[in-house]
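These notes are about the structure you will find just below.
The values are calculated or read from the model by the stated rules, or taken from the named source; none is laboratory data. Bear in mind that the values here come from a model prediction, so they are computed numbers and not experimental data. Because the Cβ atoms are built from the backbone with ideal geometry, glycine has one as well, and the counts that use them run over all protein chains shown. SASA here: full protein model, heavy atoms, side chains in, ligands and nucleic acids out. Shrake-Rupley method; radii C 1.70, N 1.55, O 1.52, S 1.80 Å.
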Amino acid sequence: MIWIYEENRIYMLDEKGNLICEANLEKKDPKTVIINRIYVDPNYRNQGFADQTMHTVMEYIRKHQYQVVPVCPYAKAWLEKKQ
């Protein structure tokens, strides 16, 4: 499975094309990204997909040298724990 990057969304689909997980992002300004939501389909919960999603989002944010504003409670807790 591979990550799909769109302007305000990073997500992963299963082999049948069903959504596994996604991050909804919003550019606040040219250098700041807001993480609005981390979502994992109920069929895939408790398998580490939310953590994988955050790692992927943070790689994207670091690559583009964005500042991050976590609005999503999961993203906020994840960042506090990891940094």
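Going by the conditions given, is ILE35 at pLDDT 95 or above, in contact with a Leu (Cβ under 7 Å, 6 or more places away or on another chain), part of a strand (DSSP E or B) and under 17 Å from ILE2 (Cβ atoms)? If you could, list the steps in order and put the result at the bottom.
Working: at pLDDT 95 or above: yes; in contact with a Leu (Cβ under 7 Å, 6 or more places away or on another chain): yes; part of a strand (DSSP E or B): yes; under 17 Å from ILE2 (Cβ atoms): no.
Considered against the rule, which asks whether it is at pLDDT 95 or above, in contact with a Leu (Cβ under 7 Å, 6 or more places away or on another chain), part of a strand (DSSP E or B) and under 17 Å from ILE2 (Cβ atoms), ILE35 comes out as no.
For region 23-35, name all the residues that are touching a strand residue (DSSP E or B) at 6+ places or on another chain (Cβ under 8 Å) and open to solvent by 60 Å² or more (accessible area, probe 1.4 Å). Let's see the steps before the verdict.
Our first condition is that a residue be touching a strand residue (DSSP E or B) at 6+ places or on another chain (Cβ under 8 Å); within region 23-35, this holds for 23-28, 31-35.
GLU26, LYS27, LYS28, LYS31 - these are the residues of region 23-35 that are touching a strand residue (DSSP E or B) at 6+ places or on another chain (Cβ under 8 Å) and open to solvent by 60 Å² or more (accessible area, probe 1.4 Å).
Taking the criterion of being surrounded by 15 or more Cβ atoms within 10 Å (Cβ to Cβ) and closer than 15 Å to LYS27 by Cα, the residues of region 45-68 that qualify are VAL57, MET58, TYR60, ILE61, TYR66, VAL68. The single condition among (1) of a type in the set (A, V, I, L, M); (2) assigned to a strand (DSSP E or B); (3) out of contact with any helix residue (DSSP H, G or I) (no Cβ under 9 Å at 6 or more places or on another chain) that ILE61 does not meet is (2).
Name the residue that is nearest to THR56 (Cα to Cα), counting only residues in region 20-32 that are part of a strand (DSSP E or B) and of a type outside the set (D, E, K, R).
Selected residue: ALA23.
Residues that are at pLDDT 95 or above, among the polar types (S, T, N, Q), surrounded by fewer than 17 Cβ atoms within 10 Å (Cβ to Cβ) and under 12 Å from the mean Cα position of the chain (by Cα) occur in region 4-22; there is at least one.
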